[in-house]
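The values are calculated or read from the model by the stated rules, or taken from the named source; none is laboratory data. Remember, predicted model here, so these are calculated numbers, not experimental data. Note that each Cβ is placed from the backbone with ideal geometry, even for glycine, and that neighbours are counted across all protein chains shown. Note: accessible area is taken over every heavy atom of the protein model, side chains too, but ligands, DNA and RNA are not part of it. Shrake-Rupley method; radii C 1.70, N 1.55, O 1.52, S 1.80 Å.
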Amino acid sequence: MSAPAISIDALREAINATRSELTQGAATLRSAYQAHPRTAIVLKGRARMVDEAIVRLWRACGMPGTAALVAVGGYGRGELFPCSDVDLLVLLPEAPAADLQARLSTLVGALWDVGLEIGHSVRTLDECLDAAAQDITVQTNLLEARLLTGNATLFDDFGARYREMLDVRAFFKAKQLEQEQRYARYNDTPYSLEPNCKESPGGLRDLQMLGWIARAAGLGRSWRDLARRRLITGEEASELRSVERFLQHVRIRLHYLTGRAEDRLLFDHQEKLARIMDIEATAARRASEVLMQRYYLVAKKVTQINTILLQNYGTEIFPDRGGPAIVINPRFQAVRELLDIRHEQVFEQHPSALLECFLILQQRSELKGMTARTLRALWLARKHVNAAFRANPVNRALFMEILQQKRGIVHEFRRMNQYGILSRYLPPWRRIIGQMQHDLFHVYTVDQHILMVLRNVRRFTMGEHAHEYPLMTRLILGFDRHWLLYVAALFHDIAKGRGGDHSRLGMEDAREFCEQHGLAREDADLVVWLVEHHLTMSHVAQKEDTSDPEVIRRFADTVGSERRLTALYLLTHADIRGTSPKVWNGWKGKLLEDLFFATQRLLRGATPQQALGLDDRQEDARRLLRFHGLRPGIEDALWTQLDAVYFMRHSPEEIAWHSRVLYYRVDAEEPVVKARVAEDEDGIQVMVFTRDQPDLFVRLTGFFGRMGFSILDAKVHTTRHGYALDSFMLQSAGHAHNYRDIVILIEHELSERLARPGGPLERPAEGRLSRQVKHFPITPQVSIRADEAGRHYILSLTAADRPGLLFGVAEVLARHGIDVQTAKIATLGERVEDTFLLTGGGLSQDARVVQVERELLDRLQV
């Protein structure tokens, strides 16, 4: 017997009534939660409210009694956050006929009409089980299935067959792999400055995963159940309830604050969220920083207990795995490929074992971690790492041995940090745990940034990463006692947040550590010097004119030896890469590499001019021209119009490229524009050759800005016969361009514009400020000073990045008749630190300098 036809009027009435009830109900829940902030008010209350709405519409659509309507996922668990999706399964005994398909379509439309974000599937029982067998996500969603209305017999049959097909061991392994992949997406750290409270390591998903595995394995449905089975302690069960509530409160507040399913703790929301949660600022920290430190402590606790529980689950699910314990020494044994304490009092009776355990993990590759009871004991015994412990020569020797192992250094330092050992062994470390960095280019807390830098230095030594860092690998493998770089990495930012110069303060901490741990004088001096100068090479490469022999000489004087140069180069490379995945690019790498080799040549006895390799560059460029089939001497017509400065500022490859393009166009009447994809395919190089014209640099920056490009580097040169030969390194703002497709467009459009000089300047489009800049504004800084010879002037500026910024700077300079010789554009996240080499414009007059600086500051104001 077919179901009765749907009454359109009755359905419309049901939709209107349901929409009104949902709106009023949501407002009531929000008010109740704000009055008495208990998570169950929202999570359980919204689930019940949505249950009633969906069942009403199901009936209004005249759905047949043979079908079952099932809540799955988090909704199946009976919990709904304010803006969460509602996941539904329509379970059928057989494939739907046309009439039922039409009713299902009407139902889904009605659910959207009342304002519910629906995720739905329509499957027969067999289709459900097939999908679950093939997809771990489907299998997990069905684990917490809950019948809303309809065919209870069909639902019970589904439940029985689902439990039969569920392979608990395979499920456990799949969820572990899934967590590893999720962690990798978030760089294996909970300590991002803008974490996702649901998906990041230490977030709600970690807790949900523990619940899914427990449910699948029949180990329990609550933290209390797990404690009864002795999988966790009663104290850990209480801690889990507490951290789960905190994360739920954060997510609920985020949804209410943003009006959408926003799970990221973005800078935009942190201060407002702290205020909503009644978190107040302290004398030293903003309210948002207090909130985030609480969050990081919660995330740390979640990851700790997550590790312990997963191990205990493994013991329950794989009872036959392993074998008898293998004794390692009187304190430790190996159990199921994990390091285990021989008895509960090991750390109390032998405090040095608090470091020894990490050393054993490094030395025995068959061990995959520590047992749950070892991790618990380690955490509880951390208080034994005190002044007496730190002064013990045995412990100092153990710590140094950990630093010098062939494997496991990064893993074990992360573990030491996770379980509170590192902060107790290195007291200055305590101040940087969870410390935010509001400099717009770091994306990790200070402690996690340092561990990222340690990881990067370590990777330089590993063969599997040699293809990523070939020069770094070659240098570090030839560097005696390269573990000294690990010490420098640990201390390079350890003094951040104390006030004052963190490099100088960290230098003192490093010196004390080296003295206490018996480092040879030469080694200690290197570590201390690296901490003091860890920013120097980056500054010189990105902000000074490295084609100037005097700049290279001064840097070489600072470095003093090739060993120090190599160490600083390795640490600088690792440091920049450890700030954010977005900060490093191939161009920064090239700047550092050029400075390294020029300084190396100088330290090996070359003159400053030889160090820059003027003759070598010309000879290398000639070889490249011959390689491309051009006869000897064909470059002379162009090269006679170029001075030594041009050759010092360009690489042999760039010189050869320019020469190939221009050797027959030295007196070209029309502008010549050529573009090519950079060697690492991370940007575009553009060369412009044209008769010099007023405001050329301004027009070029405006053109590139309108096309959505950031200028990473600009070299501006005027030939002896009055032509501009300018070159630029460009990158798209979001790295979204297919660079090869846009090369021809740049050449055509820019050539046409340069062929029509004069006319009003074309300004780039004004873009919006990033959210980071809005919440952590940068006070612009501008400085113009003469170089040592007094022939050029160096403009240094720091400001928040925004579209059109470089155009504004160029426009001010052009208005005062100031010529730009070179521009180094260093973009660090949302912060720009640019340096320009200038001539002209009456800059020898103090009054003119002050006027230009003031106008630049006005243009840089956000």
Give, as a single signed number, the net charge of other residues whose beta carbon lies under 14 Å from the beta carbon of ASP51, with Lys and Arg counted +1 and Asp and Glu -1.
+3
For ILE744, solvent-accessible area (1.4 Å; no DNA, RNA or ligand), Å²:
120 Å²
Can you tell me the orientation of helix 372-381 relative to the chain, as the angle in degrees between its alpha-carbon axis and the longest Cα principal axis, to the nearest 10?
60 degrees
Going 7 Å from the Cα of HIS721 along its beta-carbon direction, which residues of segment 657-674 have the amide nitrogen within less than 16 Å of the resulting point?
659-672
Can you tell me how much longer the chain between ALA606 and ASP188 gets when fully stretched, taken as 0.36 nm per residue apart minus their C-alpha distance, in nm with one decimal?
145.9 nm
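Return the carbon/sulfur percentage of the accessible area of the chain, one whole number, probe 1.4 Å, all protein chains in place. Walk me through the intermediate numbers first.
Working: 18160 of 37440 Å².
Carbon and sulfur together cover 49 percent of it.
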Lys and Arg at +1, Asp and Glu at -1: add these up for the other residues within a Cβ distance under 13 Å of THR18 and post the number.
-1
By how many degrees, between 0 and 90 and to the nearest 10, does the Cα long axis of helix 696-706 differ from the longest principal axis of the chain?
10 degrees
Calculate I(q)/I(0) for segment 108-163 by the Debye formula, one identical point scatterer on each C-alpha and no solvent, and give its log10 at q = 0.13, 0.16 Å⁻¹ to two decimals.
-0.39, -0.57
Give me the distance between the Cα centres of segment 8-33 and segment 255-314, rounded to whole Å.
32 Å
In degrees rounded to 10, the 0-90 angle between helix 204-216 Cα long axis and the longest Cα principal axis of the chain is 40 degrees
1/(1 + (r/R0)^6) with r = Cβ-Cβ of ASP616 and THR137, R0 = 45 Å, i.e. FRET efficiency to nearest 0.05, evaluates to 0.15
Return the distance in nm (one decimal) between the two label points of a simple spin-label model at MET400 and GLU21, each offset 7 Å from Cα along Cα→Cβ.
7.5 nm
What percent does the relative contact order of the chain come to when contacts are Cα pairs within less than 8 Å and at least six residues apart?
7 percent
Full-stretch length increase - GLU550, ILE118 - with 0.36 nm per residue and alpha-carbon distance subtracted:
148.9 nm
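Roughly speaking, what is the stretch gain from ARG504 to HIS465, that is 0.36 nm per residue apart minus the C-alpha to C-alpha distance, in nm to one decimal? Show your work: numbers first, answer last.
On the way: separation 39, 0.36 × 39 = 14.04 nm, distance 3.25 nm.
That pair, ARG504 and HIS465, stretches by 10.8 nm at full extension.
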Bins of 5 Å, beginning at zero and ending with the bin holding the largest distance: percent of Cα pairs per bin for segment 619-738, please.
2, 10, 21, 22, 20, 13, 8, 3, 0
The chain - share of DSSP beta bridges that are antiparallel (%, nearest 5)
90 percent
In Å², rounded to a whole number, the accessible area per residue of segment 402-548 with probe 1.4 Å is 37 Å²
Filter the cross-link list LYS368/LYS406; LYS175/LYS198; LYS173/LYS198; LYS588/LYS824; LYS674/LYS715; LYS300/LYS368 down to pairs whose alpha-carbon distance in this structure exceeds 18 Å.
LYS173/LYS198; LYS300/LYS368
To the nearest 0.05, how large is the calculated FRET efficiency for ARG224 and SER561 if R₀ is 60 Å and r is the Cβ-Cβ distance?
0.40
With a point put 7 Å past each Cα toward its Cβ, work out how far ARG763 is from ASP523 in nm, to one decimal.
6.0 nm
Please report, in cubic angstrom per residue, the volume enclosed by the convex hull of the alpha-carbon atoms of segment 259-349.
186 Å³
Which FRET efficiency value, to the nearest 0.05, do you get for GLN363 and ARG631 by plugging their Cβ-Cβ distance into 1/(1 + (r/R0)^6) with R0 = 60 Å?
0.40
About the Cα centre, charge dipole magnitude for the chain (Lys/Arg +1, Asp/Glu -1 at Cβ), debye:
2480 debye
Straight-line reach from LYS44: which aspartates and glutamates fall under 18 Å, measuring Cα to Cα and dropping same-chain residues less than 8 apart?
GLU21, GLU52, GLU79, ASP85, ASP87, GLU117, GLU144, GLU244
Taking amide H atoms as placed 1.01 Å from N in the peptide plane, list the residues 5 or more away in sequence, or in a different chain, whose amide H sits under 5 Å from that of MET370.
LEU339
